[in-house]
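> Quick one: the structure is below, questions incoming.
The values are calculated or read from the model by the stated rules, or taken from the named source; none is laboratory data. Worth saying up front: this structure is predicted, and the values here are computed from it rather than measured. Cβ placement follows ideal geometry from the backbone for every residue including glycine, while neighbour counts extend to all protein chains displayed. Ligands, DNA and RNA are stripped out before the accessible areas are found, and what is left, the full protein with its side chains, is counted by its heavy atoms. Shrake-Rupley method; radii C 1.70, N 1.55, O 1.52, S 1.80 Å.
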Amino acid sequence: MGSVLSTTLALAGGAAWATGTVLSKRLFRAHMLSVLNITAWQMLAGGVALGIVALAVPQRSIDWDLAFIGGLAYSVVLASAVAWWLWSIVLQRLPTTVASLSSLGVPIVSVLLAWMILHEQPSMMEVIGIALVLLGLVAVSGVGARQRA
């Protein structure tokens, strides 16, 4: 329900995530890199790219107050570096398919938590989306095949 640009950017983000997942798995297999090493290089590359974008896009000056610094520290350390490090550990230890499929549960859990904690009522489109994602997870997980075997 967004613009063509936002939809295209979302799809490009998904494609970039998928590409990064496959490339990370290949690097783990071919070069026996440590998870911390690969995470550090990815964070550096992403930080440089975001820095270039930040310099190129006009913006208002930053208010360096305690709330901003706390939010920035959370975003940099926990939401980016630690989360990516943990994702890399999952990628290193599990097959790519299992790791990728398990991440599909995140938006479902987010919508359900927003419903329970924040009392946000999911729209019918969100309910349909959750049902389709769950059906897709069941279809590719081989649940039916395991029951017949």
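> Of the conditions (1) open to solvent by 60 Å² or more (accessible area, probe 1.4 Å); (2) assigned to a helix (DSSP H, G or I); (3) more than 30 Å from Ser141 (Cβ to Cβ); (4) of a type outside the set (Asp, Glu), Leu27 clears all except one; give me its number.
(3)
> Within region 129-138, is even one residue exposed (fewer than 11 other Cβ atoms within 10 Å of the Cβ), modelled with pLDDT of 85 or more and farther than 26 Å from Ala18 by Cα? Can you show your working first?
If we filter region 129-138 for residues that are exposed (fewer than 11 other Cβ atoms within 10 Å of the Cβ), which is where we start, we get 132, 135.
Add one more test, that the residue is modelled with pLDDT of 85 or more, and what stays is 132, 135.
Retained after the next criterion (residues that are farther than 26 Å from Ala18 by Cα): none.
Within region 129-138 (the criterion being exposed (fewer than 11 other Cβ atoms within 10 Å of the Cβ), modelled with pLDDT of 85 or more and farther than 26 Å from Ala18 by Cα), the answer is no, since none of the residues qualifies.
> Of all residues in region 38-83, which are under 18 Å from Thr21 (Cβ atoms) and either among the aromatic types (Phe, Trp, Tyr) or in contact with an Asp or Glu (Cβ under 9 Å, 6 or more places away or on another chain) (or both)?
Answer for region 38-83, where residues must be under 18 Å from Thr21 (Cβ atoms) and either among the aromatic types (Phe, Trp, Tyr) or in contact with an Asp or Glu (Cβ under 9 Å, 6 or more places away or on another chain) (or both): just Trp41.
> Residues to consider are Ala73, Ala81; find the one that is modelled with pLDDT of 90 or more, closer than 24 Å to Gly47 by Cα and under 23 Å from the mean Cα position of the chain (by Cα).
Unique residue meeting the criteria: Ala73.
> Is it the case that Ser100 is surrounded by 11 or more Cβ atoms within 10 Å (Cβ to Cβ), in contact (Cβ under 8 Å) with a residue 60 or more places away in the chain and among the small types (Gly, Ala, Ser)?
Details: surrounded by 11 or more Cβ atoms within 10 Å (Cβ to Cβ): yes; in contact (Cβ under 8 Å) with a residue 60 or more places away in the chain: yes; among the small types (Gly, Ala, Ser): yes.
It is true that Ser100 is surrounded by 11 or more Cβ atoms within 10 Å (Cβ to Cβ), in contact (Cβ under 8 Å) with a residue 60 or more places away in the chain and among the small types (Gly, Ala, Ser).
> Taking the criterion of being in a loop (DSSP other than H, G, I, E, B), over 20 Å from the mean Cα position of the chain (by Cα), at positive phi and at pLDDT below 90, would at least one residue in region 110-128 satisfy it?
No, there is no match, as no residue in region 110-128 is in a loop (DSSP other than H, G, I, E, B), over 20 Å from the mean Cα position of the chain (by Cα), at positive phi and at pLDDT below 90.
> Scan region 43-67 for residues that are of a type in the set (Val, Ile, Thr) and open to solvent by less than 90 Å² (accessible area, probe 1.4 Å) and jot them down.
Val48, Val53, Val57, Ile62, listed by residue number.
> Sort out which residues of region 68-97 are in a helix (DSSP H, G or I) and open to solvent by 70 Å² or more (accessible area, probe 1.4 Å), and write them in order of number.
Of region 68-97, the ones in a helix (DSSP H, G or I) are 68-93, 96-97.
Hits for region 68-97 are Phe68, Ile69, Leu72, Tyr74, Val76, Val77, Leu78, Trp85, Leu86, Gln92, Arg93, Thr97.
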